[in-house]
1. For Lys50, list the aspartates and glutamates whose Cα falls under 18 Å from its own Cα; do not include residues on the same chain fewer than 8 positions away.
2. Hey, which of these cross-link pairs are over 21 Å Cα-Cα: Lys58/Lys159; Lys132/Lys159; Lys109/Lys291; Lys127/Lys291?
3. Sort Met79, Met236, Met265 by Cβ crowding within 10 Å, fewest neighbours at the top.
4. Which shape class, rounded, prolate or oblate, goes with region 68-204 when its Cα gyration tensor gives a ≥ b ≥ c as root eigenvalues, a/c under 1.5 marks rounded, and past that a/b bigger than b/c marks prolate?
5. If you average the alpha carbon positions of region 104-118 and of region 259-278, how far apart do those two centres end up, in angstrom?
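Quick note: the coordinates plus some simple rules give every number you see, no bench work behind them. All of these numbers come straight from a predicted model, not from anything done at the bench. Note that we place each Cβ from the backbone using ideal geometry, even for glycine, and neighbour counts take in every protein chain shown.
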Amino acid sequence: MTMFSKHTYVTSALTASILGFSAAAIPACDPDDGPLGQIAEQCGLECSAKGFVGGDAKISGIASIDAFFGAAIDLNASMRGLSGGIRAELDAIGASVGLQPGASGAEIKAALQGYLDARVEGGLTVKYAAPKCEANIEASVSAAAECDVQVDPGEVTVKCEGSCKAEAGVEVDCGASADLKCTGTAPNLECEGTCSGSCVAELTAEASCEGTCRGSCTAEGGTQTGFDGKCNGMCMGECAVEASAGVMCEGKCEGSCEYTPPGAMCDANAEARCDAKADASVECSGGCEGKAEPPEVSAECEASVEAKASASIECSPPSLDIGFQFNASLQGDVNGQAEFRAWLEGFRARFSALLALRAKAEVVVDAATNLSAAAGGAVTGAVEELSADVNVAASFGAVCALAELPVAGEAIVEASGTLSAEITGSAEVISAVGG
């Protein structure tokens, strides 16, 4: 059994709420202090030198306790990574409008609005669907089995409140609580569902085009053929409009089409998913897009399993539909317009990535709150039980766990606070373009 080295006790409000009882209730882990320490020394037991700070989750040798520390380590690393990721995107957006790294969300918002006001009329309009976040089902099952010895990984299932990935090219039974949906390239680009990407309409006569005009553009008394871009006049040929949030498309769908198949099977080159109906869930063995209900585990394991699963969630940057109109200062300024379009492409990538990072960050912060709140009863109860165990190794494991609990608790609080601040900063920037 791997134990932890001696650590100085750290006191905090969080520690008190987690432990709920005095540290004196457990014998000290000093080999010279008390009968337990003397027996532990004779048996070769000691708290390992790495501890929580060193990334070692095997604190006590008891699965339900060590699962908490493992979840705390994973969640702490995830929160720090997300904080760095969000800060990097904010700094990049800030730099593009003349700010130094480390600017606050309010400062970036003000600079961004100033940059836009000098170039476009009324700012940008940015439309997008919420980032798609997919839970790792294998991570949930693995965490459940790691914490609760009664869980058989081969027998448990995870319920998905959302959309569960299924196997394409074969018949799929989604059950009565879900519908089969296919996502992929529409046959002949004709989408009998919702289109995400570009919806292209054929223009056999001149008409205005809010998207990209492909063909001829008539503006300011002249006609330009072989045109491919934004036409500030009348377009004939094709008009391609970005459909970022998934819309009905009566033209050709150049992108991803989501549709309901006539049978119980999607084409082999399409992605198959079971979409749970309202207020329902579906048993899931693939990826879950939405809220995943972890396998049923003992009470002391629930928060740890949720935290592990949340740390493994992946969110995809959404497509953006950005609209704008040049103001008087850039009308006729070809170079100025080209510079703005180049800036806009960089902003598009940064803003989309920021949305995805923020979506995951909100899930992870919630999991951290739940882990801190639930750990008190779960870990304290297990430690109290171990403290009375006649097994010397188990009792000594409780001592090691008690020493590390304050360290883990303070790490979670610190990382969660830093990430929450970055989430708040990102909200300022998103609001600058009406998000």
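1. Candidates past the 8-residue exclusion: Asp30, Asp66, Asp74, Glu404, Glu410.
2. Long pairs (Cα-Cα over 21 Å): Lys58/Lys159; Lys109/Lys291; Lys127/Lys291.
3. Met265, Met236, Met79
4. Oblate, since a/c reaches 1.5 and b/c is not below a/b.
5. About 43 Å separates the Cα centre of region 104-118 from the one of region 259-278.
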